[in-house]
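Comments concern the structure below.
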Amino acid sequence: MTTVQVCDACGTTLGELDPRLACPSCGGLLSLRHDAPAVRGADLRRLFDARLDDARPAYVAGGGTAARASGVWRFREIVLPDVGDDAIVSQPEGNTPLFRRESVAQWAGASSLLLKHDGHNPSGSFKDRGMTVALTQARRIGARAVACASTGNTSASLAMYASLAGIPALVFVPAAQVALGKLAQTLGYGARTLLVRGDFDDCLRLVRDGAERLGIYLVNSVNPFRIAGQQSCVLEILQQLAWNPPDWIALPAGNLGNTSAFGAALRAAKALGVVDRVPRLLAVQAAGAAPFARGFREGFAERRRVKAETVATAIKIGDPASWDRARRVIEETDGIVTDVSDADILEAKAAIDAAGVGCEPASAASVAGVRRMVAEGVIAPDARVVALLTGHVLKDPGALVDYHAPGSTRPLANAPVEVDASLDAIARVVDAVGR
Ligand code: F0G
């Protein structure tokens, strides 16, 4: 099977191992195009289902078993370059759970809501799906170092996979704006970490300008191999639903890489007869970082940029890089873009956390967006909806502890109780809990 990189804007093609990340003719973003697989439709579904037998934690043996267990590389015929198992940099990743939680469904007003928890990936976010492919590609092209700009999850994932691949990593993150868990991971996994005095948009501009000049391979979501890997999430959702697509898939949206990936995966799945219809996508932004939601309301008449501000630091992005692709995806899937307030994000997160599922603030935007759309009559209360949770509850312990601080009157707040070291004091607390 062969793969080429194709410019979204003008169709110029580059070879599979070309390290450039923008079209040399017009500067457009690149996507991967693969030869059609030898099998289609039900045969492809059977091939993917047969591989579920390999998705068990027996990968200690090495020698390509991680790649075979991966919930990303399982779908290689549709979305990935043809790479031998032994050349794949995999933990493995994917194979994340799809939860049903009555209390969250009730909170959102969507009786058939399911939660796809991609925070169960090895570094705690969906970024690992793209990073296994990006670091595999970095090794194939002989990159001397890899780099990214990040609000924290991409950097944590990059640091993890670069360590696994044995390639030095450089990350650009906005100083004092990265959640503690993500910064801790990035440092611990050994990436060289630059705390840039600026915001995410400044970091991305810097790294895009600098990477090629410095001979470093950039693995932000402008890298088509990242997006290819992230396509696996939708395919995994479809597989978990026995290839019976839901009515809606809701996801948090920042730089719009994942929205683009979801749409590309659905396009490929439909074209190859893996499914006969596709769900509508609901992309949800934080109200203080919602240029794409504004663009949607304006019929995408022009590209908007904002100075971003939100408690959901993962999606605190004012100038999304994948705007054009995401716009096409929203139009193709008859999708919707909306925004939700920080208060609604935090309340959704409290409901998800209290259900024993847990996620980081940005992730909860998907569920808050579903609630808004049900309230507005856009999503039917009995529609089959899958909401994507993108990051683990421990990514942002600061936001959690603040929410539940003593004296907090927020919905579902669970403030800790400080007690004297005496049984009497504890008995008083236990009495109150029992009441
Ligand atoms: N949710 C989480 C937890 C994220 O970390 C991100 C993006 C998104 C949603 C939005 O995805 O950018 O593809 O629209 N985080 C990036 C990062 C920007 O650097 O970790 P998107």
Checklist line | Selection within the stretch 375-408 - within 14 Å of the ligand (Cβ to nearest atom) and among the acidic types (D, E) | finding: D396
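Yes/no per residue for (1) outside any helix (DSSP H, G or I); (2) touching a residue at least 40 places away in the same chain (Cβ under 8 Å):
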{"residue": "A368", "(1), (2)": "no, yes"}
{"residue": "V378", "(1), (2)": "yes, yes"}
{"residue": "A387", "(1), (2)": "yes, yes"}
{"residue": "S408", "(1), (2)": "yes, no"}
{"residue": "L412", "(1), (2)": "yes, yes"}
{"residue": "A415", "(1), (2)": "yes, no"}
{"residue": "V419", "(1), (2)": "yes, no"}
{"residue": "D424", "(1), (2)": "no, no"}
Next item on the list: Examine the stretch 314-329 for a residue that is open to solvent by 30 Å² or more (accessible area, probe 1.4 Å), free of Cβ contacts under 8 Å to residues at least 40 places away in the same chain and within 15 Å of the ligand (Cβ to nearest atom), and state whether such a residue exists.
Entry: yes
Note to self: Exactly one condition in (1) in contact with a Phe, Trp or Tyr (Cβ under 6 Å, 6 or more places away or on another chain); (2) in a helix (DSSP H, G or I) is false for T132; which is it?
What the structure shows: (1)
Next item on the list: Scan the stretch 156-188 for residues that are within 14 Å of the ligand (Cβ to nearest atom) and under 25 Å from D86 (Cα atoms) and jot them down.
Entry: A156, S157, L158, A159, M160, Y161, A169
Notebook entry, point to check: Looking at the stretch 99-112, is at least one residue exposed (fewer than 12 other Cβ atoms within 10 Å of the Cβ) and touching a His at 6+ places or on another chain (Cβ under 8 Å)?
Noted result: no
Next item on the list: Sort out which residues of the stretch 256-297 are among the charged types (D, E, K, R) and over 30 Å from D342 (Cβ atoms), and write them in order of number.
Entry: R267, K270, D276, R277
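With respect to G263, determine if the residue is open to solvent by less than 10 Å² (accessible area, probe 1.4 Å), part of a loop (DSSP other than H, G, I, E, B) and within 13 Å of the ligand (Cβ to nearest atom). First the steps, then the outcome.
Numbers: open to solvent by less than 10 Å² (accessible area, probe 1.4 Å): yes; part of a loop (DSSP other than H, G, I, E, B): no; within 13 Å of the ligand (Cβ to nearest atom): yes.
Against the criterion (open to solvent by less than 10 Å² (accessible area, probe 1.4 Å), part of a loop (DSSP other than H, G, I, E, B) and within 13 Å of the ligand (Cβ to nearest atom)), G263 does not qualify.
Of all residues in the stretch 266-301, which are more than 16 Å from the ligand (Cβ to nearest atom) and either among the aromatic types (F, W, Y) or under 19 Å from L115 (Cα atoms) (or both)? Reasoning before the result, please.
First, the residues of the stretch 266-301 that are more than 16 Å from the ligand (Cβ to nearest atom): 267-280, 297-301.
Of everything in the stretch 266-301, those that are more than 16 Å from the ligand (Cβ to nearest atom) and either among the aromatic types (F, W, Y) or under 19 Å from L115 (Cα atoms) (or both) turn out to be V278, P279, R280, F300.
Can you tell me which residue in the stretch 121-142 is farthest from the ligand (Cβ to nearest atom), limited to those that are hydrophobic (A, V, I, L, M, F, W, C) and open to solvent by less than 20 Å² (accessible area, probe 1.4 Å)?
Per the stated criteria, the residue is A138.
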Note to self: Here's a check for you: in the stretch 203-248, which residue that is at pLDDT 95 or above and acidic (D, E) is most open to solvent (accessible area, probe 1.4 Å)?
What the structure shows: D247
Checklist line | Condition check for A364: in a helix (DSSP H, G or I), at pLDDT 95 or above, among the hydrophobic types (A, V, I, L, M, F, W, C) and within 12 Å of the ligand (Cβ to nearest atom) | finding: yes
Checklist line | Exclusive hit being in contact with a helix residue (DSSP H, G or I) (Cβ under 8 Å, 6 or more places away or on another chain) and open to solvent by 10 Å² or more (accessible area, probe 1.4 Å), set R297, R303 | finding: R303
Margin query: So, in the stretch 129-172, exactly how many residues are under 19 Å from the mean Cα position of the chain (by Cα) and aliphatic (A, V, I, L, M)?
Written below: 12
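The values are calculated or read from the model by the stated rules, or taken from the named source; none is laboratory data. As the structure is a computational prediction, the values presented were derived from the model and not from experiment. Heads up, the Cβs are rebuilt from the backbone with ideal geometry, glycines too, and the neighbour counts pull from every protein chain shown. These area figures cover heavy atoms from the full protein model, side chains too; ligands, DNA and RNA do not enter into them. Shrake-Rupley method; radii C 1.70, N 1.55, O 1.52, S 1.80 Å.
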